[in-house]
Amino acid sequence: MHIDWFVFLAQIFNFLLLMYLLKRFLYGRIIKAMDDREAKIAARFAEAEALQAKAQEEARLYEQRNQMLNEKKEVMLNEATMAADAKRRELMEKVREEVDTVKTRWQEMLLREQDAFFYDLRQRAAKQLYATARKALSDLADEELEDRIIEEFLRRLQALDAEKSRQLRLAITGGGNRVTVQSAFGIPAPRQSQIEEVLKKQITNGFTIRYLHEPDVVSGIELRVNGHKIAWSLNEYLETLVESLTETLQKEAHAA
Amino acid sequence: MEVVSLNQISPDQVILWSWNFITINVTILYTWLVMAILVGGSHLITRNLSSEMNVSRWQHFLEVVISIIRGEISEMTKKGADHYVPLVGTLFLFICVSNVLVIVPGFVAPTSSMTTTAALATCVFIAVPFYGISRNGLLHYVKEYFQPTFIFFPFHVMGELSRTLALTVRLFGNIMSHEKVIGILLAVTPFLFPVVMQILGLLIGVIQAYIFAILSMVYIASALSAEDEAHTAVKKEGSGA
């Protein structure tokens with residue numbers, strides 16, 4: 001086979017030239033473009049990884065913050081609940097106190113009304129009893145009820161023991177030797193004399209006596225001297241009656 | 001009947017212009033044509049290269065080609081593939097384009113000229129020691145020819161020459177014979193069958209280009225690896241002592 005040596009050398013030169021030109025126009029540029037792209041992709045990956053790491057870190061921080069907020073919320077909620085409970089208890093206590101006060105006031109008022117009622121009842125009952133007893137006594141016996149009362153009063157004066165007599169004596173002396181006798185009715189002069197005699201005999205001499213007509217002394221007679229009192233009246237009986245009546249009424253009220 | 005004249009057995013015989021020893025024949029003309037296509041096409045495609053994600057189809061095509069060449073080289077040399085891309089890539093592209101253009105009527109592949117294949121094989125023949133010496137130094141390279149003993153020196157030289165000759169003749173034989181077969185078949189069965197042969201010829205042309213480039217790389221790589229191994233063995237001995 002014939003080989004033209006000029007063509008042979010020319011082909012070697014051609015090949016080397018082609019190699020140079022392709023290196024300049026093809027390989028260099030293409031490889032550079034590919035390497036650049038690879039570097040860019042690597043950079044993007046690195047950036048993405050960094051961003052991912054950052055995002056994970058931020059997510060962790062967010063989670064942590066969220067947890068802290070939750071805990072804080074829990075604490076605040078507990079505090080608020082406790083404060084609300086305390087406030088509720090305080091208000092309840094206050095209301096209870098107010099209710100107690102109102103109740104006490106109401107009970108006091110009730111008691112006052114009750115007292116007033118019973119006082120009034122006693123007065124009326126006594127008057128009625130007095131009138132009834134008087135009517136009965138005057139119907140049954142032929143003597144005045146007042147006489148009986150005075151009799152009873154005199155009997156009491158006479159039945160005074162020594163100690164009581166002494167106290168009365170001292171009282172009369174300390175009270176300027178004045179004795180007051182109150183009665184719901186007028187005392188006749190003979191009966192006044194009897195009273196004075198009994199007093200002189202039983203207690204002392206040298207005093208002035210004053211008779212007062214006092215309707216409040218219900219169907220009775222009483223002797224007052226410087227804070228001491230000797231009396232007989234329907235009040236004693238009426239008080240017993242009123243007590244028993246009060247008890248009965250209260251039982252009724254409770255039952256209601 | 002003369003199917004193919006003796007002058008047509010090689011495009012070297014078709015002389016276009018001649019002055020003294022300077023001869024311009026069809027081989028050189030078509031070589032220039034292939035060079036113009038390769039360089040012009042490369043320039044056109046690579047003048048607006050993009051390193052972004054959106055690239056043109058032609059750039060994609062070239063990147064795929066270059067990536068395959070780099071990959072093949074990397075498998076053999078393990079490192080520094082870009083260093084050998086110009087030689088191996090140019091061998092592949094030049095031979096491949098030359099062989100594929102055969103389907104153009106009137107075109108004669110420069111690779112069907114033994115002058116061209118011999119020139120290419122000579123380039124490889126020179127490139128092997130060039131890369132070996134440039135990488136590991138002259139002494140190491142020369143020492144390889146005397147391994148395992150000096151008696152092997154002639155065999156090494158013969159091996160170098162014979163494989164260069166093999167490269168030359170393999171490519172030349174394949175392409176030239178194919179062209180001649182096509183020519184003969186056109187005379188015998190002008191319809192259909194030559195088309196099938198043309199298709200087969202395209203396949204053979206690409207395969208031959210691949211074989212030439214890969215064998216060149218194998219020769220270079222074998223020289224490099226042998227030197228690397230020897231170099232490593234010497235280093236180990238030195239460190240062991």
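The values are calculated or read from the model by the stated rules, or taken from the named source; none is laboratory data. These numbers were taken from a predicted model, which means no experiment stands behind them. Cβ placement follows ideal geometry from the backbone for every residue including glycine, while neighbour counts extend to all protein chains displayed.
Descriptive notes on the structure:
- Evaluation of A:F25 against the conditions (1) more than 30 Å from B:W17 (Cβ to Cβ); (2) touching a Lys or Arg at 6+ places or on another chain (Cβ under 9 Å) shows that the sole unmet condition is (1).
- Of all residues in segment B:2-24, those that are farther than 21 Å from B:T117 by Cα and at pLDDT 75 or above have Cβ atoms under 6 Å from Cβ atoms of residues that are surrounded by 12 or more Cβ atoms within 10 Å (Cβ to Cβ) and aliphatic (A, V, I, L, M), 6 or more apart or on another chain, in B:W17/B:I24.
- Segment B:196-241: number of residues that are farther than 18 Å from B:I133 by Cα, at pLDDT 90 or above and among the polar types (S, T, N, Q): 1
- Cβ-Cβ under 7 Å pairs, at least 6 apart or on other chains, segment A:172-200 side more than 14 Å from A:R224 (Cα to Cα), far side among the hydroxyl-bearing types (S, T, Y) and surrounded by fewer than 19 Cβ atoms within 10 Å (Cβ to Cβ): A:I187/A:Y211; A:Q192/A:Y211
- Flag: A:F25 matches the condition of being out of contact with any Leu (no Cβ under 6 Å at 6 or more places or on another chain), closer than 30 Å to B:I37 by Cβ and within 14 Å of another protein chain (Cβ to nearest Cβ).
Yes or no, residue by residue, for (1) surrounded by 14 or more Cβ atoms within 10 Å (Cβ to Cβ); (2) not hydroxyl-bearing (S, T, Y):
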| position | (1), (2) |
| --- | --- |
| B:V97 | yes, yes |
| B:V100 | yes, yes |
| B:V108 | yes, yes |
| B:T115 | yes, no |
| B:A118 | yes, yes |
| B:I126 | no, yes |
| B:F130 | yes, yes |
| B:K143 | yes, yes |
| B:T149 | no, no |
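- Any chance B:I68 is in contact with a helix residue (DSSP H, G or I) (Cβ under 6 Å, 6 or more places away or on another chain) and without any contact (Cβ under 8 Å) to a residue 12 or more places away in the chain: no
- Out of A:S165, A:S219, one residue alone is at pLDDT 80 or above and either in a loop (DSSP other than H, G, I, E, B) or hydroxyl-bearing (S, T, Y) (or both). It is A:S165.
- Among the conditions (1) crowded, with 19+ Cβ neighbours inside 10 Å; (2) more than 28 Å from A:L121 (Cα to Cα), the only one that A:T208 does not satisfy is (1).
- Residue match in segment A:105-124 (condition: surrounded by 10 or more Cβ atoms within 10 Å (Cβ to Cβ), of a type outside the set (S, T, Y) and farther than 30 Å from A:T240 by Cβ): yes
- Taking segment B:41-154 and the helices (runs of 4 or more DSSP H) fully enclosed by it, the elements with 3 or more residues that are modelled with pLDDT of 85 or more and away from chain A (no Cβ under 13 Å) are at B:57-77, B:114-136, B:138-144.
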